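In what follows, a structure is listed as structure tokens, so that the remarks can point back to it.
The values are calculated or read from the model by the stated rules, or taken from the named source; none is laboratory data. Here the structure is a predicted model, which is why all the values come from computation and not from measurement. So basically every Cβ, Gly included, is an ideal-geometry build from the backbone, and we count neighbours across all protein chains shown.
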């Protein structure tokens, strides 16, 4: 007699037979998850959270660097802290500069009253007032900075671009030495100032390292390639900055020193000095401002 066999039905899910611990067994999705509306709302909340977090991180970059706004974002990325970048919008503008050999602009003219006027308008210097916190963000110590004599928490500064243009104008004038200094310069700092300007402009050009490209052309009758100095550039709008500096002091923080005059600015006592170079001490000695004994007390026997 053949044995009879019976077979039990194989369960559709292995976990029904205890092959997986109960806590790891798959569970049905919650009712809200199985609804399309629930999935959409969950996804929307996640996206909103990510956007909010990204914006917070984006804004915190500027605030951590001392800025109080996201104004001039592109310029701030490639600049050290400057309080002016929170005061005025400086657009980036596309320009084509024609610096070819004979395309003389009003700045590229021989000395004359008209030429001097053009340079004076570009290089006029207005001083800037910054508070103690802004001085610290610049990496300086406000205990050593010069204060405005009539204002509290107001330190005197100048914008780097104005100093650079001043140096360029000094070199230009020295190029036409006989015109501007027909009897020679009376300043004992004349040559030291020019050497300082050479160094300053060289460092500035290297720091900015303009990546604009200059191509070459063949000029009629030329035997060698000639550089084409008509180049397209993206620039900070200098006019926007310059116009802002002419606004009232309370709005811009800028003022003209000649409106009050350096003559009213004196030490009030208690100022901290920075160490001056030996050459400066020598200059004071030569000028009779200090004695030989004072010089040697600082620098040793001459």
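Number of residues in the range 106-147 that are in contact with a strand residue (DSSP E or B) (Cβ under 8 Å, 6 or more places away or on another chain), surrounded by 15 or more Cβ atoms within 10 Å (Cβ to Cβ), in contact (Cβ under 8 Å) with a residue 24 or more places away in the chain and part of a loop (DSSP other than H, G, I, E, B) equals 3.
Answer yes if at least one residue in the range 233-240 is within 20 Å of the chain's Cα centre (by Cα) and at pLDDT below 95, and no otherwise. Within the range 233-240, not a single residue is within 20 Å of the chain's Cα centre (by Cα) and at pLDDT below 95. Counting the residues of the range 148-160 that are loosely packed, with under 15 Cβ neighbours inside 10 Å and under 19 Å from the mean Cα position of the chain (by Cα) gives 2. Here residue 209 clears all of (1) modelled with pLDDT of 95 or more; (2) surrounded by 11 or more Cβ atoms within 10 Å (Cβ to Cβ); (3) under 34 Å from the mean Cα position of the chain (by Cα) except the condition numbered (2).
In summary, residue 253 fulfils each of the numbered conditions (1) modelled with pLDDT under 95; (2) out of contact with any strand residue (DSSP E or B) (no Cβ under 8 Å at 6 or more places or on another chain); (3) on the phi > 0 side of the Ramachandran plot with the single exception of condition (2).
Here the helices (runs of 4 or more DSSP H) wholly within the range 184-292 that include at least 2 residues being under 30 Å from residue 99 (Cβ atoms) are 190-208, 238-245.
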